[in-house]
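Trainee: Before I ask anything, here is the structure I am working with.
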Amino acid sequence: MWWGLGLIAVVGMVHVWLEYERGTHIAQQLKSGPEVTAHAHEVIGTAQALLRAVQGAERAQRGFLITGDETFSQAYRQAEAEVPTLEARLKTLTEDNPEQRRRWPTLEQQVAVKLNEMRRTLAVYESGGFDAARRAVGSSIGLDSMEGIVRVIDGAIATERALLAERMSRAEQFEHELRRAALTGAVLEFVGLGLGALLLIAGLRTMRRAEAASQDSEQHFRLFVGAVTDYAIYMLDPEGRVVEWNAGAQRIKGYTRDEIVGQHFGVFFTEEDRAAGRPQHELQMAIKHGRYEEEGWRVRKDGTRFLASVLLEPVRDASGRLLGFAKVTRDITERTQHQQALVQYQKMDALGQLTGGVAHDFNNLLHVIKNAVHILEHRLNSADPEIGRYLQMLKRNADRAASLTQRLLAFSRNQILDPRPVNPNALVADVTSLLEQVLGEGVAIETVLGAGVWWISVDSSQLETALLNLAVNARDAMAGSGKLTVETSNAFLDEAYAAAHAEVKPGQYVLIAVSDTGSGMTPEVVAKAFEPFFTTKEVGRGTGLGLSQVYGFVKQSGGHAAIYSEPGLGTSVKLYLPRLITPPDVRSEPRAKSLPRGAGHGTILVVEDDEDVARFTADVLAQMGYRVLSAGDAASALHLLDTEAVVDLLFTDIGLPGGVNGRQLADQALQRRPGLRVLFTTGYTRNAVVHHGRVDPGVDLIVKPFTQRALADAVGRAVGRTRVDERN
């Protein structure tokens, strides 16, 4: 009996020892296995992210080269900026792996070659255009470097996957050892009747270890969630009170754990949402549908609001009993603002294209109407006074229509500008006296001129008109009584500001701000204020084109316009105009003085596809004493040049039908007749001789609608000038 008891005791001790050894191995495996696996996956993920970043930079660069779209350029810069960070991360993760470390110098060299190749291609694109960039892309440097990058990264990934495979092999071996140990224990269990009791004790011990492991796992999970800062992750009890709170929730909402635990989550909602029972509604919808998602306004501890993306899910036990809710909140205010800015820019750009096209067609119509009225006025000078009154009425309304058309062109960034160096402080000082006369005695004007304000290059008359428009709007907003402040200063718009405002380029600007103490505007009105024909004034008190004209002028000048306003607190319109880097005294040489008019004789070939404009122009030139030939397109004009013995001047519209514009016609005409003089006309700046609102050097141009006197001056200068072709 005692021997039996002794044998049972020995077997029990052996069994306990085997279980202890197995538990030790399991603990080691549970501790090291996930860490090794997670590390290998992190290395693989980082390597793949690096490859995607390089490939993404290449795709964005190609997209920019093909389309010229700044969106691709921004994507390229973003991807390029990620590459050094990912390279450094990859090196850090593999510091203890000699095989991986040997790969990184080669990878860094190949990545540097690839990035330099893309930068050179962009530089070639900027200096030589798309064709030159395409030839640069055609070299094998970029392809070879990309293949080298892929090879190195594939090798690194293969190494990590081999480590994972080795880990799996060790796990299988470990599993085999466990089976053998279990088999040994099972044989020993049959030795004595007392082995069952020992196995039960061992089972209880195993359950306790599993429970401890579960508690450790839960603790690790809490530590992981608590370390997340980009998302607010917290738990609610079934009534909606906060029971768990992570660092991200504290960062986004402003409450510490001690301040918020135990409070109802309705504290995060706006007053109007709480009054409407929104918190309880979310809990009910989560219970009913298994989850609840929405985007809406939430409130931080300091009272500020932010736009949140919310996910709420019920948490239940194995029996289905509701334990509480898991809630995840993300601040999406900045992302939404970026999306809204992009939509607003796209809308304004579409409106600009529409209004530019309409204004161009109206210029042709008004050109004929205005000058036809002028001719009738002279021919019917002694006719019935009633007719003269109607002619004056036509002239006034035609002038008003022309003014509206010019404002539409200004908004669409299609007016022709004459930018020159301007001292902002001097211009504002000069405009102030004019503003005093326009605004009246009820409006006090204050100018705050910054010290050392940079020079700018703008069309000074258009800038004065813009300031006058802003002042008149301010006067109306103040009902003729208040204070108007005009300020100047230097400003720098950084990358963050440019990212939130479409079309803005980071850099140095001069700020001219016009502020009033008027009624102010709501955010909805501010969003539409720059749109053409939008106005809050009474009928008959404005066209709704003043602010749109300011917007178009500033954008065409390479600047940025912004409105800051609150109801009852006034409005401030800020104009950011690019700094002029080159000092004014080293700008281009002064323009030559106007040349004398022509003698009023010679042959002029008029090329115009609008029949009314062509007929009017031919009549006016004929009255001046010129012999006039007319053509409706480039093919007809070239035919006349081939058949007519003498043509002294080619007077052509730039926009012509048939696929050949006025500039191309002039090039072909000069090949036939090298001494031929050319005069262009247009009502639209997006054409072959006007770029970025400026007339190309060496080009004679008259803008529609033009008067008889302006036509006579332009033709006289062109016919009387000895032509020098600057392109030869």
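The values are calculated or read from the model by the stated rules, or taken from the named source; none is laboratory data. Just so it is clear, the model here is predicted, and its values are computed rather than measured. Cβ: placed from backbone, ideal geometry, glycine included. Neighbour counts: every protein chain shown. To get the accessible areas, we keep the full protein, side chains included, count just its heavy atoms, and leave off ligands, DNA and RNA. Shrake-Rupley method; radii C 1.70, N 1.55, O 1.52, S 1.80 Å.
Trainee: Let me spell it out: the conditions are (1) out of contact with any strand residue (DSSP E or B) (no Cβ under 9 Å at 6 or more places or on another chain); (2) farther than 17 Å from ASN425 by Cα; (3) of a type outside the set (Asp, Glu), and GLY482 meets all of them except one. Which number is the exception?
Mentor: (1)
Trainee: Quick one: is ASP516 touching a Leu at 6+ places or on another chain (Cβ under 6 Å) and open to solvent by less than 60 Å² (accessible area, probe 1.4 Å)?
Mentor: In short, yes.
Trainee: Here's something else I'd like to know. Just need a number here: residues in segment 533-550 that are open to solvent by less than 20 Å² (accessible area, probe 1.4 Å) and either at pLDDT 75 or above or farther than 12 Å from ASN473 by Cβ (or both).
Mentor: 1
Trainee: Can you tell me which residue among VAL472, VAL526, VAL510 is open to solvent by less than 40 Å² (accessible area, probe 1.4 Å), under 20 Å from the mean Cα position of the chain (by Cα) and not acidic (Asp, Glu)?
Mentor: Only one candidate passes the filter, namely VAL526.
Trainee: Looking at segment 420-437, which of the residues that are open to solvent by less than 50 Å² (accessible area, probe 1.4 Å) and hydrophobic (A, V, I, L, M, F, W, C) is nearest to THR488 (Cα to Cα)?
Mentor: Looking at residues that are open to solvent by less than 50 Å² (accessible area, probe 1.4 Å) and hydrophobic (A, V, I, L, M, F, W, C), I get VAL428.
Trainee: Exactly one condition in (1) at pLDDT below 90; (2) of a type in the set (A, V, I, L, M); (3) more than 17 Å from PHE325 (Cβ to Cβ) is false for ALA249; which is it?
Mentor: For ALA249, the failing item is (3).
For (1) modelled with pLDDT of 80 or more; (2) within 16 Å of THR67 (Cα to Cα); (3) open to solvent by less than 20 Å² (accessible area, probe 1.4 Å), each residue gets a yes or a no:
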| position | (1), (2), (3) |
| --- | --- |
| ARG119 | yes, no, no |
| GLY128 | no, yes, no |
| ARG134 | no, yes, no |
| VAL137 | no, yes, no |
| ILE141 | no, no, no |
| VAL150 | yes, no, no |
| ALA158 | yes, no, no |
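Trainee: Which residues, counting only those in segment 458-476, are touching a residue at least 40 places away in the same chain (Cβ under 8 Å) and closer than 17 Å to HIS560 by Cα?
Mentor: VAL458, ASP459, SER460, GLN462, LEU463, THR465, ALA466, LEU467, ASN469, LEU470 - these are the residues of segment 458-476 that are touching a residue at least 40 places away in the same chain (Cβ under 8 Å) and closer than 17 Å to HIS560 by Cα.
Trainee: Next up: Quick check: is even one residue across segment 477-493 open to solvent by 30 Å² or more (accessible area, probe 1.4 Å), in contact (Cβ under 8 Å) with a residue 40 or more places away in the chain and among the basic types (Lys, Arg)?
Mentor: Yes, segment 477-493 contains at least one residue that is open to solvent by 30 Å² or more (accessible area, probe 1.4 Å), in contact (Cβ under 8 Å) with a residue 40 or more places away in the chain and among the basic types (Lys, Arg).
Results for (1) under 28 Å from the mean Cα position of the chain (by Cα); (2) at negative phi; (3) open to solvent by 70 Å² or more (accessible area, probe 1.4 Å); (4) modelled with pLDDT of 90 or more, shown as yes or no for each residue.
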{"residue": "PHE265", "(1), (2), (3), (4)": "no, yes, no, yes"}
{"residue": "LEU283", "(1), (2), (3), (4)": "no, yes, no, yes"}
{"residue": "TRP297", "(1), (2), (3), (4)": "yes, yes, yes, no"}
{"residue": "ARG305", "(1), (2), (3), (4)": "yes, yes, yes, no"}
{"residue": "VAL310", "(1), (2), (3), (4)": "yes, yes, no, no"}
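Trainee: Of all residues in segment 696-728, which are loosely packed, with under 11 Cβ neighbours inside 10 Å and modelled with pLDDT of 70 or more?
Mentor: Of everything in segment 696-728, just one residue is loosely packed, with under 11 Cβ neighbours inside 10 Å and modelled with pLDDT of 70 or more, namely ARG709.
Trainee: Restricting to segment 640-665, name every residue that is open to solvent by 30 Å² or more (accessible area, probe 1.4 Å) and either modelled with pLDDT under 85 or more than 49 Å from the chain's Cα centre (by Cα) (or both).
Mentor: Within segment 640-665, LEU640, ASP642, THR643, GLU644, ALA645, VAL646, ASP648, GLY655, GLY658, GLY659 qualify.
Trainee: Next up: On the basis of being touching a Gly at 6+ places or on another chain (Cβ under 7 Å) and modelled with pLDDT of 85 or more, does VAL243 make the cut?
Mentor: yes
Trainee: Note down all Cβ pairs under 7 Å where the first residue falls in segment 87-105 and is among the polar types (S, T, N, Q), the second is loosely packed, with under 15 Cβ neighbours inside 10 Å and at pLDDT 85 or above, and they're at least six residues apart or on different chains.
Mentor: THR94/ARG101
Trainee: Return the pair list, or none, for Cβ contacts closer than 6 Å from residues in segment 141-157 that are in contact (Cβ under 8 Å) with a residue 40 or more places away in the chain to residues that are of a type outside the set (A, V, I, L, M) and outside any helix (DSSP H, G or I), at least 6 apart or on different chains.
Mentor: VAL152/ARG103; ALA156/ARG103
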